[in-house]
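The values are calculated or read from the model by the stated rules, or taken from the named source; none is laboratory data. Source: prediction; values computed, not measured. Heads up, the Cβs are rebuilt from the backbone with ideal geometry, glycines too, and the neighbour counts pull from every protein chain shown.
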Amino acid sequence: MLAEKLHVVGQSVARRDGLGHVTGKTVYVDDINFKDMLHLKMVRSPVPHAMVKGIDFTRAERVPGYVRAFTHKDVPKNIYTILCLIGVGPDEEPVLAVDRVLYQGEPIAAIVAETEEAAIEAVSKVNLELEELPAVFDVEEALQPGAPILKPWGANYFIYEGHHCRRVRFGDVEKAFQEADFIVEDKYQTTPIEHAPTETTGCVARPEPDGRITVYTNTQALFFTLDNTALILQIPFQKLHFVGGTVGGGFGGKVDVIVEPIATLAAMRTNRPVKYVFSRQEEMQCSSSRAAWRMYFKDGVMKDGRIIARQITSYSDSGAYNRHSPYAVTKHAANVAGPYRIPNVWIDAYCVYTNRQPASAMRGFGVTPASFAIEMQMDKIAQVVSLDPWAIRFINAYRNGDMKPHRKIVEDATLIEVMQAAAKMVGHELPEKFSRMSSWDGKEN
Amino acid sequence: MAKKRGVGIAAVNYPTGMNLGGDPSQALIHATTTGNFVITLSSTDLGQGLKTVIAQIGAEALGVPFENVMIDTADTDTGPHCMGTFASRATHRVGNAVIQAAQEARKVMIEVAAEELEANPEDLVTEGDGFIKVKGSPDRKIHIVDVALAAHFKYGRTISGRGMYMKPKSEVDPETGKMDPDSTEAHACTVAEVEVDTETGEVTVLSLKSAYEIGRQVNPTLVEGQIRGGSVMGMAHALYESIQPYYPLVEHMPSGFSEYVLPGPMELPEIESVVLEYPSVNGPFGVKGIGEMTANSPIPAIAIAIANAIGVRITEIPITPEKILRALEEKGSKEG
């Protein structure tokens, strides 16, 4: 399979940073300290949905070490959306809440203090006047008439070029359902999950004598974060210098741009270095999660096991704001029909807003829940048509040269080969028609 | 009370990269006067070993020893643009950019060596041992340190190169969903064996046996690291993890790892894997991304194995002991 003779690609050379990681010598963001550094902590909403009527800092200001507070009025372009850099809009998430909060843990005001303890103490002394509103947590309830509306465009879903969801239309599912021997339906559900990185999200922003700001960060995406920070703060890009590259676990949780803009603002306004690192509780309860997905499958299946139609309606519980969810839904739509050759496919995938902490990127981004649902469904189909779980997958496996429902020609398919290898590993003897099958069989199967 | 065993299989594909507004990464390479080859990037290493595999790809493409390749990342004042480390994209995108940069740098290195060896550039070869040799004449060779010194101080030439790889943006057709969202597809098939205690609802994952196909492995040990980490993460998703255990209710949110249960060493199953290599059309040396995929196939494989063990399908993850006991109770009352 591999013709080229290579020298070091393919070799298990020892990683250079390994010893540093396992001996605690690697420097992470929280290890970076400057002698006049301030600490930033966030005043957060204690409820999932409320109007913010007032914020009183009087008691916080009396805490020894308190330096100053920041509210939405201090943030030059307070309303943003991360994906604006690639043309996704409209802006819809505040850096600091204006007059309404949409999830428990939403940032309302930032406080900087001489020590972390003083910042935590001052945050606890801020008096919030909130008027609670009814909240919605279920994706299908959020789409019902009468649900509290969370978005300025008057709906609880992201709009895809005029459509209320991301659509895939391939062939004619209704006609195929009539021709099918069996209809197999089910509902699949996943729940929100924490990225659980060893190192929590954080940064240190330091004003330099030349007027620039150096930001030490554990972001997964350095320029993306720099660009968004400059846009939010309405400062020229060249004012910022971001340094990073060593991340103590990401899993997608450090692709959002959350800590850098407010820490940089605080550093600019105080002219002192500012550290803002999430506590473990903030990482779990306030930072983005993996979206929860609800997926309804309806498949038309022939007696011989061939799936001739697949109709899917999916709902991503994207929480209160976009973050990266609109793109996750598109990626989901491209993958949720599965690595199988199905001639008729109909997909409606919704990006739904609820009063939950925002979902965003996480390892598997819209595909992990899809793979769970697809394979559970394949197992159910196998039982309906009385085939073993290997057979149902070989019979439907996609080949190179096939067209996927999103109208991309398949290349680099090897589903058949990994199934053959796995069967061999567990000592399962495949019938010859499956053991001789190949992803390069073409369409003659 | 009974302990029931079940087996489940799951087969998945996983796309490498994306196309968001065009998906680029860049690399710059230059040689120091003493033959270090510095690859400058703004890419981030999440602990998976990106800095190491990129140095391997750079060394291979330059034809110099791995030890002579330094990775300088990630500083926005010096490093050229990288979209970021996500979407199983970094080895694919950055690797391709490094190969392009290496080809430009290697061309100069070979030309200088040819001058020094009084040979034709086309006749020179590298085997990654630090020497540039005349094909068929093993004695006619020059070390890269001497080439670098000569380039700088004798010929006034810079051994350097620029590399860029971009997946162009593909707009999604809003009516049909037509799109080109990724660069290649990796694949995995996992067979899970579980034991379910029908008295307590607890699931023990006995083994996860998986076959992966990822184009080409740059560093098999780091690939295995991804496989083991991903297998356990997938197992945790299938059985334990949720920040809102009674979703869609928001109660019982965890505040730390004592409340957010992850598998520990005692829960680790037997993890076995084989890796197949069918080089991709567009990856560096045929690479496909493995990063995200390894967490995916264990989830349905475990869920199916549980159904196989207890005779009830649970279609919501995580499949906690509580859900198993409720499902068994419901099954019992239906059958009773």
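What do you reckon, is A:LYS77 surrounded by fewer than 16 Cβ atoms within 10 Å (Cβ to Cβ), under 18 Å from A:MET268 (Cα atoms) and in contact (Cβ under 8 Å) with a residue 60 or more places away in the chain?
In short, yes.
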*Going by the conditions given, is A:LEU6 touching a residue at least 40 places away in the same chain (Cβ under 8 Å), within 11 Å of chain B (Cβ to nearest Cβ) and surrounded by fewer than 17 Cβ atoms within 10 Å (Cβ to Cβ)?*
no
*segment B:128-170, subset of a type in the set (S, T, N, Q) and touching a strand residue (DSSP E or B) at 6+ places or on another chain (Cβ under 9 Å), residue farthest from B:LEU28 (Cα to Cα)*: B:THR158
_Need pairs with beta-carbon distance below 7 Å; first residue more than 7 Å from chain A (Cβ to nearest Cβ) and without any contact (Cβ under 8 Å) to a residue 24 or more places away in the chain and within segment B:269-282, second in a strand (DSSP E or B) and surrounded by fewer than 18 Cβ atoms within 10 Å (Cβ to Cβ); sequence gap 6+ or separate chains._
none
*Just one of (1) part of a loop (DSSP other than H, G, I, E, B); (2) in contact with a strand residue (DSSP E or B) (Cβ under 9 Å, 6 or more places away or on another chain) trips up A:ILE395, so point out which.*
(1)
_Pairs where the first residue, in segment A:183-211, is more than 25 Å from A:ILE262 (Cα to Cα) and facing another protein chain (nearest Cβ under 9 Å) and the second is in a loop (DSSP other than H, G, I, E, B) and among the aromatic types (Phe, Trp, Tyr), C-beta under 6 Å, 6+ apart_ = A:THR191/B:TYR247
*Does any residue of segment B:321-330 turn out to be surrounded by fewer than 24 Cβ atoms within 10 Å (Cβ to Cβ), within 31 Å of the chain's Cα centre (by Cα) and either within 11 Å of chain A (Cβ to nearest Cβ) or assigned to a helix (DSSP H, G or I) (or both)?*
no
*Number of positions in segment A:234-281 that are among the small types (Gly, Ala, Ser) and away from chain B (no Cβ under 14 Å)*: 3
_Residue ranges of strands (runs of 3 or more DSSP E) in segment A:178-221 with at least 2 members in the same structural domain as A:THR368 (by TED's automatic domain parsing)_ = A:182-189
*asked:* Report every pair of residues separated by at least 6 positions or lying on different chains whose Cβ atoms are under 7 Å apart, first residue within segment A:426-438 and assigned to a loop (DSSP other than H, G, I, E, B), second among the polar types (S, T, N, Q) and modelled with pLDDT of 95 or more.
replied: A:LEU430/A:GLN420
_Residue in segment B:285-303 that is in a helix (DSSP H, G or I), more than 9 Å from chain A (Cβ to nearest Cβ), surrounded by fewer than 24 Cβ atoms within 10 Å (Cβ to Cβ) and on the phi < 0 side of the Ramachandran plot present_ = no
*Taking segment B:40-67 on its own, how many of its residues are within 20 Å of A:GLY249 (Cα to Cα), touching a strand residue (DSSP E or B) at 6+ places or on another chain (Cβ under 6 Å) and surrounded by fewer than 24 Cβ atoms within 10 Å (Cβ to Cβ)?*
1
_If I ask for residues that are in contact (Cβ under 8 Å) with a residue 24 or more places away in the chain and part of a loop (DSSP other than H, G, I, E, B), which ones from segment B:129-143 would you list?_
B:ASP129, B:GLY130
_Of all residues in segment B:147-169 being surrounded by 17 or more Cβ atoms within 10 Å (Cβ to Cβ) and among the hydroxyl-bearing types (Ser, Thr, Tyr), the one that is nearest to the other protein chains (Cβ to nearest Cβ)_ = B:TYR165
_Being crowded, with 22+ Cβ neighbours inside 10 Å and modelled with pLDDT under 95: is that true of A:GLY245 here?_
yes
_Condition check: surrounded by fewer than 16 Cβ atoms within 10 Å (Cβ to Cβ), under 30 Å from A:LYS151 (Cβ atoms) and either within 14 Å of chain B (Cβ to nearest Cβ) or of a type in the set (A, V, I, L, M) (or both). Does A:MET42 satisfy that?_
no
*Of the conditions (1) surrounded by fewer than 17 Cβ atoms within 10 Å (Cβ to Cβ); (2) more than 11 Å from chain B (Cβ to nearest Cβ); (3) farther than 30 Å from B:PHE285 by Cβ; (4) hydrophobic (A, V, I, L, M, F, W, C), A:ALA60 fails just one. Which one is it?*
(1)
*asked:* Given the options A:ASN218, A:ASN156, A:ASN228, name the one that is touching a residue at least 12 places away in the same chain (Cβ under 8 Å) and within 28 Å of A:ALA135 (Cα to Cα).
replied: A:ASN156
